[in-house]
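Take a look at the structure below.
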Amino acid sequence: MGVIHDITTKIKQWFAPKEPLYIFAEDHADKMICINCGKKYVSRGKWDPGICRECEKEIAQQNSYLVGGPLDGQKAGDTE
């Protein structure tokens, strides 16, 4: 019984949820400067828009419209 218990505890440790591993491949890419905020960011390649991801998210939030429901057609960033 002791051997089976040891094996089950080892298997539980192998398959236990672990912290995800993030790999950033930034060394080969060019470093760009954001047009909006002036922060350095890693280029995304041929179709790089010239702005960092944070500024791109803010611009997308400002220009997005709600579809359907009672607020149909209103901008998502409006507070009124």
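The values are calculated or read from the model by the stated rules, or taken from the named source; none is laboratory data. Remember, it's a predicted structure, so these values are computed and weren't measured experimentally. In this analysis, Cβ positions are derived from the backbone assuming ideal geometry, glycine residues included, and neighbour counts consider all displayed protein chains.
If only residues of the stretch 1-57 that are more than 21 Å from the chain's Cα centre (by Cα) and assigned to a loop (DSSP other than H, G, I, E, B) are counted, the one that is surrounded by the fewest Cβ atoms within 10 Å (Cβ to Cβ) is MET1.
Figure legend. Inter-residue proximity from the stretch 42-53: first residues more than 15 Å from GLU26 (Cα to Cα), second residues of a type in the set (D, E, K, R), beta-carbon distance below 8 Å, spacing 6+ or different chains. Indicated pairs: PRO49/GLU56. Within the stretch 58-73, residues that are assigned to a helix (DSSP H, G or I) reach partners that are surrounded by 10 or more Cβ atoms within 10 Å (Cβ to Cβ) with beta carbons closer than 6 Å, at six or more positions or on different chains, in the pairs GLN61/GLY77; GLN62/GLY77. Once the stretch 20-63 is narrowed to residues that are within 23 Å of LYS75 (Cα to Cα) and of a type in the set (Asp, Glu), the residue that is modelled with the highest pLDDT is GLU54.
Yes/no matrix, rows are residues, columns are (1) in contact with a strand residue (DSSP E or B) (Cβ under 7 Å, 6 or more places away or on another chain); (2) of a type in the set (Val, Ile, Thr):
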{"position": "HIS5", "(1), (2)": "no, no"}
{"position": "ASP30", "(1), (2)": "no, no"}
{"position": "LYS40", "(1), (2)": "yes, no"}
{"position": "ILE51", "(1), (2)": "no, yes"}
